[in-house]
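First up is the structure itself, then whatever we jot down about it.
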């Protein structure tokens, strides 16, 4: 008999994720701890347990995010599942994930407008979650095992030019040395995200990332510096054989120094040197929409994949109201 429980034993949870063929950093206990210690972020972890053997047969970790605090948060809430749910491709696994997601939907439907499952692998041969709609979404994966020389050759001419020019202009890459530098990191990201009218998590999120991931060697934070000033930053995570490109930002006034080019290249070098095999760009937009970031990522020589996403709207009326409210809010010059 399959039983669904919340907040499973962390050691069993960690063992399940690490030994699962599609286990990833976003389904780990450490990531749930990041969410737990972030303002307006509410993690939910459910596990399917075979009561006859006490074996964990499926797992999902989600995070409900409110763009605003208080009552308005209920009209701006969404639940995100990245790299999950995890289950095995056999009858027991399929039954486990069915029961798991039924329980998840019952809980999420009371507090989130919608759920989005962000796939990190090809799910076309796996059962589609009930009442979820598939949406195409692109990504680029770079083969780090090719070695630094091949990685350099695979770059576009314009990216090699940017990296070379950045170095000649004196831009250097330095690893973050203390939690105090999170303030600088946040200001860099905030300028970038405001420029593209995209929401950015509260600063407490990045403090939590440093505490629960960076300090435990689950990732790195690199600054691009020029004349003793931080002009760009990148955050990437690592798990098993994969480097996940997560956050990146830079100051617009220093764009001619190509800090983003150098930051990505330095991360590729670091990943290859430390024997990781995959660099995951973590998204390149929808294929039918223009997306400048996709053009930038494409020029680093990765393979284009379309793993897509699944979406379920839990409250259609509230969702309709929220979409119109946020559209007006953005047009007023506010960044949510």
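All of the numbers you see were taken from the coordinates with simple rules; none came from a lab. Keep in mind that this is a model prediction, so the values were computed, not measured. Positions of Cβ are backbone-derived with ideal geometry, glycine not excepted, and every protein chain shown enters the neighbour counts.
Points worth noting:
- 218, 159 arranged by Cβ crowding within 10 Å, fewest neighbours leading: 218, 159
- Residue order for 279, 42, 296, fewest other beta carbons within 10 angstrom first, comes to 42, 296, 279.
- Cβ-Cβ FRET estimate between residue 227 and residue 148, R0 fixed at 35 Å, reported to 0.05: 0.80
- Most mobile listed residue (12, 214, 278) in the chain, GNM with C-alpha springs under 10 Å: 12
- Among 84-94, 235-245, 127-137, the order from most to least packed when residues are scored by Cβ within 10 Å on average: 235-245, 84-94, 127-137
- Helix 182-195 and the long axis of the chain differ in direction by around 90°, with both axes built from C-alpha atoms.
- Average projection area in nm² (convex hull over Cα atoms of the stretch 254-315, one quarter of hull surface): 6.8 nm²
- Inter-label distance, residue 304 to residue 216: 3.8 nm, where each label sits 7 Å from its Cα along the C-beta direction.
- Value of [θ]222 nm, deg cm²/dmol, for the chain, DSSP H segments ≥ 4, -39500 (n - 2.57) each, nearest 500: -10500 deg cm²/dmol
- Each of the peptides 141-151, 263-273 was scored by the mean count of other Cβ atoms within 10 Å over its residues; in descending order, highest first, they stand as 263-273, 141-151.
- Rounded to 5, the percent of DSSP beta bridges in the stretch 56-208 classed as antiparallel: 55 percent
- As an equivalent ellipsoid, the stretch 167-233 spans semi-axes of 20, 18, 9 angstrom, where each value is the square root of five times an eigenvalue of the C-alpha gyration tensor, largest first.
- Helix 203-212 axis, angle to the chain major axis (alpha carbon atoms, nearest 10°): 80 degrees
- Computed on the chain, with alpha-carbon pairs under 8 angstrom and 6+ residues apart, the relative contact order is 22 percent.
- Axis angle, to the nearest 10 degrees, between helix 157-168 and the longest C-alpha principal axis of the chain: 60 degrees.
- At 1.002 mPa s and 20 °C, Stokes D of the stretch 139-305 from Kirkwood alpha-carbon radius, µm² per second: 132 µm²/s
- Extension gain, residue 11 to residue 160, is 49.2 nm, computed as 0.36 nm per intervening residue step minus the present C-alpha separation.
- Protection proxy ranking for 21-34, 246-259, using the average of other Cβ atoms within 10 Å per residue and placing the highest first: 21-34, 246-259.
- Were the residues from residue 311 through residue 110 laid out at 0.36 nm apart, the gain over their Cα-Cα distance would be 70.8 nm.
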